[in-house]
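This report refers to the structure that appears directly beneath it.
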Amino acid sequence: MSRAAAERMAKDIGRASMESPAASLSATTATSRWAWPSVLRWIPTSTDRIIAAEKRLLSLVNWGGSSRPDFTCKSTEETEAWFIDSFEEWRKAKNLTNFILLGHSFGGYVAAKYALKHPEHIQHLILVGPAGFTSESEHKSEWLTKFRATWKGTIANHLWESNFTPQKIIRGLGPWGPDLVRRYTSARFGSYSSGDILNEEESRLLTDYVYHTLAAKASGELCLKYIFSFGAFARKPLLQSASEWKVSTTFIYGYDDWMNYQGAQEARKHMKVPCEIIRVPRGGHFVFIDNPSGFHSAVFHGCRRFLSPDHVDDQTLPDGVTVV
């Protein structure tokens, strides 16, 4: 993968902060051109570094390089409206309509909720490893039930409900924060990757972007406990709204994605609009980094009716990329 591709993929990781189809355009200018000396780089001063990495990425408000206003929502309904309405304001400002919307992970959840409320603006919806399709009761996880019964599970659940986030740990580690992030990205996209392995420069770019995204002011991360219960199960799961879907949808999952594609399969049974589920080999939850060529093929396949309507039947998927 080229450096340009790595930078492009690093942009997408912002969508996964449980990330991000889009709800507020990243600030177009940096808040300050002055930068801390490299020895003090761990101190989060502004979103300059995030913005420099994102370029044309559209991040959810409170995530990535977007503005980070104080988060004041106190319920699931308020939190969903916070993201949906901010994206709608941006759409109006850009005078966009009839567009293809893609969201990854938590961004996929928000994209789907937006499409449910404003289907008239969406030509096609693409959800990549979307979070929030099932509730804890629907999933019936034996492992989680047993874990909750232990003292470790009790503490973990309390920390989740208290909004103790991984981002707080990164901020609290100060100058040791970047090294922890580097260890994670090096392992996840290196020795433990099931797909393409990043080279040293690509890994550095990704680590730098992820760290500064995590270390910036707390805002969007504070929403998670209102959207999900402990274990990343939705409090208002998308599966319950499947029969109300009004936009044709393409789901994309890596073979090793911890978000289970079977949730999309179950939702498809109740949908009244066209729906495809595509699985990409050598890819996990960050399939666009693990297998960028397979991911791009899946996206183009999902958009084929809109990009080249006269050649829909000519579109083929590379080996291993399957429609289920």
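The values are calculated or read from the model by the stated rules, or taken from the named source; none is laboratory data. Because the structure is predicted, anything quoted here is derived from the model rather than measured. All Cβ positions, glycine included, derive from the backbone under ideal geometry; neighbour counts span all protein chains shown. The area values use the complete protein model at the heavy-atom level, side chains included, leaving out ligands, DNA and RNA. Shrake-Rupley method; radii C 1.70, N 1.55, O 1.52, S 1.80 Å.
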>> My understanding is that a pair violates if its Cα-Cα distance is over 21 Å; which of Lys92/Lys217; Lys168/Lys217; Lys92/Lys117; Lys92/Lys272 do that in this structure?
In response: Lys92/Lys217; Lys92/Lys272
> Name the trypsin sites (Lys or Arg not before Pro) in region 240-324 that are in a loop by DSSP and that have at most 13 other C-beta atoms within 10 Å, would you?
Replying inline: Lys269, Lys272
>> Ignoring ligands, DNA and RNA, please state the percent of accessible area on region 224-324 from carbon and sulfur, probe 1.4 Å.
In response: 49 percent
> Tell me, what is the per residue accessible area of region 188-315 in Å², probe radius 1.4 Å?
Replying inline: 43 Å²
>> Please report the spacing between the Cα centers of region 193-259 and region 69-128 in Å, no decimals.
In response: 15 Å
>> Would you calculate the convex hull of the Cα atoms in region 143-240 and tell me its volume per residue in Å³?
In response: 153 Å³
> Given a Förster radius of 25 Å and the C-beta distance between Ile169 and Ile197 as r, what FRET efficiency does 1/(1 + (r/R0)^6) yield to the nearest 0.05?
Replying inline: 0.45
> If you take the Cα atoms of region 196-270, find Rg, then find the Kirkwood Rh from the mean of 1/r over all pairs, what is Rg/Rh?
Replying inline: 1.08
> Out of every Cα pair in region 229-292, what percent are spaced more than 15 Å from each other?
Replying inline: 55 percent
